[in-house]
Amino acid sequence: MPLPLSRGDKHSVALLVLLMLLSALTEGFGLVLLVPMLGVLGGSDAVPEPVTQALADIGLPLTLPVLLALFVLLVALRALVNYARTMQSFALEIAIVDGLRERAWNALLHCDWRHLSQMNQTDNASLLISNVDRVGYGISEALRGLAILITLGGLGLAALVISPWIAVAAAAIGVAVLIAYRGMRRRAAKLGDELTDAWDRVHSHMTEGLGALRIIKSFAREDHALETGSQAFAGLRETQRAFLRDAGLAQASLHVGGALCLAALVWVATVHWGAGAVQVLPLVALFARALPLIGSLQQTLQNWAHARPAADAALSLIETAEAEREPAEEDGPSPPALSQAITLEGVTVRYAGRDRHALEAASIAFPAGSITAIAGPSGAGKSTLADLIAGLIAPDQGIVSVDGIMLDGGLRRAWRSRVTYVQQDPLLFTGTVRSNLLWADPYADEARLATALGDASADFVHDLPEGLDTRVGEGGRQLSGGERQRIVLARALLRDPALLILDEAASALDLESESRIAEAVARLRGRMTIVIIGHKGVLGDVAERDIRLESGRVVEVRERRAV
């Protein structure tokens, strides 16, 4: 699968190729100048006709000072060209890699939630962080290989000027060498696949381990965690070692074989073709320069084959996520205000790879301004029901509507601007309390922030060392679970939603923290529609009615008076 290139990338490639051609030509001309230099120094007239003719055409005499000046000029020009080539190559590499990473991240962000929620996010993180950088390494190697190929072309032209027969024979040997190493390049590609899997295992282990440090320590399993981590890294290093072993053997055999070929070619040229020292010595210099280049070309081809699986994985992720892209918001009527009810009519949801429906033939209404508790055993369909009314997913059958307007296409995404979801694990981003609140509304002023904190029973923020500007730490770990959850609730309320969904929002909290959140929710009665998922404690008692789900079906709807 080819890497996608923008118009700017294609222009950069064209400029880079031009710089590579200039570099190759300057190097080739510099080596060709060795011929007339040797001729002048030795008093020989065995200077190739094209060289003498070229000097005559530009009006330069065939003298040593002129030749030395030309040589220095060519070296200086080549140095400048190579500097420009290096910078241009780096710019192209980062443009492609960053563009690929941005496209993959964009595809995931806009992927339909039903598909996105079933993806392995650890593998996605591994791809975005590590494997995409391997693509950059592969691009760098591919560009280096192109530069080598063009340089070899320049050296070949120089050899043709000096001795066509020897140049053709050397070129044939070089092509044969590259063909002979095809099997090693295929093995490099296989090792590249294994390296991708190894990195995924390492990321998975370290992510899970870092998230479970408390559990690891409470079970005294530090040694076990260390051992399994070491095994994951050992598998990674073994794959890397196998690739380096192949690359080293290839280089060693190529250098030895190349030296033998060069020796044989020089012997044939001098003994059977009658080539003199003025021709042979520059050709030896040419081939001495070309031989390591052929080895480097083989190495770059092998490195690209090794990195290509990472590119294939990134492009596959992009293709899959973009194929599941959710509909864009459409220009048209604004999403409904929720002044009547959210209604489900015969709604069924199925997930791929599961034997039974997540939700089956569900028909229910959530009146505007009501507080509803949804209960049921694990796997009953509670979260699926919440995802439906939040506009995160669409039903396979049936209709979800708000105030009689069906949530379909781009309107479903637009409806999410009036919904706020508070999950069980209170997620705060690294930064301050203020920066976390402003996620909901970047333009909220001090008065609105204070009101949201008050509505969420989160006034304790004002007593923190730096108030709203107190740093919360990674994931909000500087605060207690109850404090984090109340800040998350304040962030949700700052959006002034029409629908507030609390998904197990107080199940992991102590009674006091739960009571504070329950008080905050009770004060919101009538201001917005609230759905409380899977909670039987003080928070659940605030609800005006209960809905019970079992095996994806609505089995009970019970009205009760809120406490």
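Looking at (1) at pLDDT below 90; (2) open to solvent by 10 Å² or more (accessible area, probe 1.4 Å), find the lone condition where residue 391 falls short.
Just one mismatch for residue 391, condition (2).
Just the residues that are free of Cβ contacts under 8 Å to residues at least 40 places away in the same chain and either surrounded by 15 or more Cβ atoms within 10 Å (Cβ to Cβ) or closer than 16 Å to residue 411 by Cβ (or both), please, taken from the stretch 299-331.
331
List pairs: first in the stretch 478-496 and open to solvent by less than 20 Å² (accessible area, probe 1.4 Å), second among the small types (Gly, Ala, Ser) and assigned to a helix (DSSP H, G or I), Cβ under 6 Å, 6+ apart or cross-chain?
Qualifying pairs under 6 Å: 482/513; 490/452; 493/452; 494/452.
Taking the stretch 125-156, which residues are open to solvent by 30 Å² or more (accessible area, probe 1.4 Å), under 29 Å from the mean Cα position of the chain (by Cα) and closer than 15 Å to residue 18 by Cα?
If the condition is that a residue be open to solvent by 30 Å² or more (accessible area, probe 1.4 Å), under 29 Å from the mean Cα position of the chain (by Cα) and closer than 15 Å to residue 18 by Cα, then 144, 146 are the ones that fit.
Considering only residues of the stretch 43-69 that are closer than 23 Å to residue 21 by Cα and open to solvent by less than 40 Å² (accessible area, probe 1.4 Å), which is modelled with the lowest pLDDT?
In this case the residue turns out to be 51.
Is it fair to say residue 411 is crowded, with 19+ Cβ neighbours inside 10 Å, in contact with a helix residue (DSSP H, G or I) (Cβ under 7 Å, 6 or more places away or on another chain) and in contact (Cβ under 8 Å) with a residue 40 or more places away in the chain?
Values: crowded, with 19+ Cβ neighbours inside 10 Å: yes; in contact with a helix residue (DSSP H, G or I) (Cβ under 7 Å, 6 or more places away or on another chain): no; in contact (Cβ under 8 Å) with a residue 40 or more places away in the chain: yes.
Taking the combined requirement at face value, the residue does not satisfy it.
Looking at this structure, is residue 475 surrounded by fewer than 23 Cβ atoms within 10 Å (Cβ to Cβ), on the phi > 0 side of the Ramachandran plot and in a helix (DSSP H, G or I)?
Numbers: surrounded by fewer than 23 Cβ atoms within 10 Å (Cβ to Cβ): yes; on the phi > 0 side of the Ramachandran plot: yes; in a helix (DSSP H, G or I): yes.
Here the answer is yes, as residue 475 does meet what is asked.
Mind counting the residues in the stretch 90-116 that are touching a Ser or Thr at 6+ places or on another chain (Cβ under 9 Å) and either open to solvent by less than 10 Å² (accessible area, probe 1.4 Å) or not in a helix (DSSP H, G or I) (or both)?
Of the residues in the stretch 90-116, 3 are touching a Ser or Thr at 6+ places or on another chain (Cβ under 9 Å) and either open to solvent by less than 10 Å² (accessible area, probe 1.4 Å) or not in a helix (DSSP H, G or I) (or both).
Can you tell me which condition residue 223 does not meet? The list is (1) open to solvent by 60 Å² or more (accessible area, probe 1.4 Å); (2) modelled with pLDDT under 75; (3) assigned to a helix (DSSP H, G or I), and all the others hold.
(2)
Among (1) touching a helix residue (DSSP H, G or I) at 6+ places or on another chain (Cβ under 6 Å); (2) open to solvent by 10 Å² or more (accessible area, probe 1.4 Å), there is one condition residue 342 misses while meeting the rest; what is its number?
(2)
The values are calculated or read from the model by the stated rules, or taken from the named source; none is laboratory data. All of these numbers come straight from a predicted model, not from anything done at the bench. A quick note on method: Cβ atoms are made from the backbone with ideal geometry, for glycine too, and the neighbour counts reach across all protein chains shown. In case anyone asks, the SASA skips ligands and DNA or RNA and just uses the protein heavy atoms, side chains included. Shrake-Rupley method; radii C 1.70, N 1.55, O 1.52, S 1.80 Å.
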